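For reference, the structure discussed in these notes is given below.
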Amino acid sequence: MREIDLAVYADALAGESAALSARAERIRSKLRQAKIERRARNDLPTRTVDRLESLGILSAVDERAAHGELRELEESLAAVDELQAWVESELAASAA
């Protein structure tokens, strides 16, 4: 394999890894927000909760689905990172 091809592929994999990491962090943030909103729903008067829901400030999150999506993203990220490490080791070996 040509060194330049490996380097370009390693860069592409780094971008994919960054994108997957960002998506996973957005889901983690959504889950943290859902936890806060769940507590607010329990502590605030029903009328306030209804108003906040009508404004779209409080929303329902399917936490089970979000956790499943997060697991999938983390597994995908691990696979991409493993491939990236292999490509980089091939790149280092071709440079030696």
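Does Arg28 fit the bill of being over 30 Å from Ser94 (Cα atoms), at pLDDT 95 or above and surrounded by fewer than 12 Cβ atoms within 10 Å (Cβ to Cβ)?
Details: over 30 Å from Ser94 (Cα atoms): yes; at pLDDT 95 or above: yes; surrounded by fewer than 12 Cβ atoms within 10 Å (Cβ to Cβ): no.
No; evaluated as a whole, the condition is false for this residue.
Just the residues that are small (Gly, Ala, Ser) and touching a residue at least 24 places away in the same chain (Cβ under 8 Å), please, taken from the stretch 49-96. Write out each step before concluding.
Step one: list which residues in the stretch 49-96 are small (Gly, Ala, Ser), which gives 54, 56, 59-60, 65-66, 68, 76, 78-79, 85, 89, 92-96.
Answer for the stretch 49-96, where residues must be small (Gly, Ala, Ser) and touching a residue at least 24 places away in the same chain (Cβ under 8 Å): Ala66, Ser76, Ser94, Ala95.
Kindly check whether there is at least one residue in the stretch 35-48 that is free of Cβ contacts under 8 Å to residues at least 24 places away in the same chain, hydroxyl-bearing (Ser, Thr, Tyr), surrounded by 10 or more Cβ atoms within 10 Å (Cβ to Cβ) and assigned to a helix (DSSP H, G or I).
To start, the set of residues in the stretch 35-48 that are free of Cβ contacts under 8 Å to residues at least 24 places away in the same chain comprises 35-36, 38-48.
Remaining after also requiring hydroxyl-bearing (Ser, Thr, Tyr): 46, 48.
Still in the running and surrounded by 10 or more Cβ atoms within 10 Å (Cβ to Cβ): 48.
Retained after the next criterion (residues that are assigned to a helix (DSSP H, G or I)): 48.
Looking through the stretch 35-48, at least one residue is free of Cβ contacts under 8 Å to residues at least 24 places away in the same chain, hydroxyl-bearing (Ser, Thr, Tyr), surrounded by 10 or more Cβ atoms within 10 Å (Cβ to Cβ) and assigned to a helix (DSSP H, G or I).
Can we say Ala14 is at pLDDT 95 or above, part of a helix (DSSP H, G or I) and exposed (fewer than 11 other Cβ atoms within 10 Å of the Cβ)?
Here the answer is no, as Ala14 does not meet what is asked.
For the stretch 69-91, does any single residue satisfy the condition of being surrounded by 12 or more Cβ atoms within 10 Å (Cβ to Cβ), part of a helix (DSSP H, G or I), more than 26 Å from the chain's Cα centre (by Cα) and acidic (Asp, Glu)?
Within the stretch 69-91, one or more residues are surrounded by 12 or more Cβ atoms within 10 Å (Cβ to Cβ), part of a helix (DSSP H, G or I), more than 26 Å from the chain's Cα centre (by Cα) and acidic (Asp, Glu).
Please verify whether Leu6 is modelled with pLDDT under 95, of a type outside the set (Gly, Ala, Ser) and in a helix (DSSP H, G or I), treating the condition exactly as stated. Full working, then the answer.
Values: modelled with pLDDT under 95: yes; of a type outside the set (Gly, Ala, Ser): yes; in a helix (DSSP H, G or I): yes.
The answer is yes for Leu6.
The values are calculated or read from the model by the stated rules, or taken from the named source; none is laboratory data. Quantities reported herein were computed from a predicted structural model and do not represent experimental measurements. Cβ coordinates were reconstructed from backbone atoms using ideal geometry, including for glycine residues, and neighbour counts include every protein chain displayed.
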